[in-house]
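One structure below.
The values are calculated or read from the model by the stated rules, or taken from the named source; none is laboratory data. Just so it is clear, the model here is predicted, and its values are computed rather than measured. Neighbour counts run over all protein chains shown; Cβ positions are idealised from the backbone, glycine included.
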Amino acid sequence: MSQQSVIEELQRLGMSGYEAKAYVALVAAGSPLNGYEVAKRSGVPRSTVYETLSKLVGREAAYEVRAGDASVGYIALPPSALLDRLRREFERSVDHLTSALPELAAPPEVRLVHNLTDRSSLLARSEDVVAAARGELFLSGWPDDIGPLKPMVRRAADEGVNVQVVVFGEDDDPIGTTTRHRFSSPDVVLENLGCRLMVVSADREQAVIGGFVGDDAWGVYTDDPAVVLVAVEYVRHDIAMHLIADKFAPDDFERFWKSDPALLALRGDKGFPATLLARGPGGHGGVPQRRRGRPLS
């Protein structure tokens, strides 16, 4: 990590730019520096360097040391001690806000539904949803697509969250209670949906619904109860279907799955779900507005 990136991270944790530069200069020196030396090594103007050092001393990120009768130098609090202190302060603030902010919040008059237009934003918002889970977490998707979420999902499971996952294809590193979708190959599902559909929902309060095509991705985040309900039931439906199928002879269910006319009609959307996701809330495209059933993947 470069020195500049360290300075930027310290700024994110509350230091001013000058304070971060001065602290990094003191850490790099390893021995006491006077104000002139700090200014020379850090780039902090000499006119403000003593004010900056005074602020570091005030936040106990640096200390004054005296050599002889008049000479004053400065030495940094060791990085490990500083990081431990910043972590404790951050956690205290989060704990306080966890109890205080909800008391100030008015009941929502508008529910959120906003577009996610690329892979990075889709995964970042999915991580937010996973992190919010306290009781239950539902996921559905292809193993490679949900892979970046697995460390956070596994942490949630370790903390007692009921994690239910449906995956399309083989997953060598399952998380929570994982159901592999066995009735259609991933290629067939991809053809029907038009994308690798991913659903992430926490506590039936918020959800991300997205689609991946190659390296491209798009979708929506929402806390609208009706949309979240549908997202959760989508995953629960697939899990329930497998539990039911396990009670029947494999050949009988396989024959029904591949030959029943009504079921085949429901599975015949051929890419319509991906088109809807790409359009986003309120969007308009050249898709025929006819009734379509949910694709039973």
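Taking the stretch 201-225 as the range and being closer than 17 Å to ASP145 by Cα and either in contact with a Cys (Cβ under 8 Å, 6 or more places away or on another chain) or of a type in the set (Val, Ile, Thr) (or both) as the test, the residues that pass are VAL208, ILE209, GLY211, PHE212, VAL213, VAL220.
So that you can scan it fast, the table gives a plain yes or no per residue for (1) in contact (Cβ under 8 Å) with a residue 12 or more places away in the chain; (2) surrounded by fewer than 23 Cβ atoms within 10 Å (Cβ to Cβ):
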| site | (1), (2) |
| --- | --- |
| ALA131 | yes, yes |
| GLY135 | yes, yes |
| GLY141 | yes, no |
| ASP144 | no, yes |
| PRO151 | no, yes |
| ARG154 | yes, yes |
| ALA157 | yes, yes |
| VAL161 | yes, yes |
| VAL165 | yes, no |
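Look at VAL38 and say whether it is free of Cβ contacts under 8 Å to residues at least 60 places away in the same chain, among the aliphatic types (A, V, I, L, M) and farther than 24 Å from GLU89 by Cβ.
On the way: free of Cβ contacts under 8 Å to residues at least 60 places away in the same chain: yes; among the aliphatic types (A, V, I, L, M): yes; farther than 24 Å from GLU89 by Cβ: yes.
So VAL38 fits the description; yes.
Please return the ranges of helices (runs of 4 or more DSSP H) entirely within the stretch 1-107 where 3 or more residues are within 30 Å of ALA132 (Cβ to Cβ) and not assigned by TED's automatic domain parsing to the domain that holds ALA132.
Values: elements: 3-12, 17-29, 35-42, 46-58, 79-104.
In the stretch 1-107, the matching helices (runs of 4 or more DSSP H) lie at 3-12, 79-104.
Looking at this structure, is ARG119 of a type in the set (Lys, Arg), assigned by TED's automatic domain parsing to the domain that holds HIS181 and more than 21 Å from GLY211 (Cα to Cα)? Considered against the rule, which asks whether it is of a type in the set (Lys, Arg), assigned by TED's automatic domain parsing to the domain that holds HIS181 and more than 21 Å from GLY211 (Cα to Cα), ARG119 comes out as no. With respect to the conditions (1) surrounded by fewer than 20 Cβ atoms within 10 Å (Cβ to Cβ); (2) outside any strand (DSSP E or B), THR178 falls short on a single one, namely (2).
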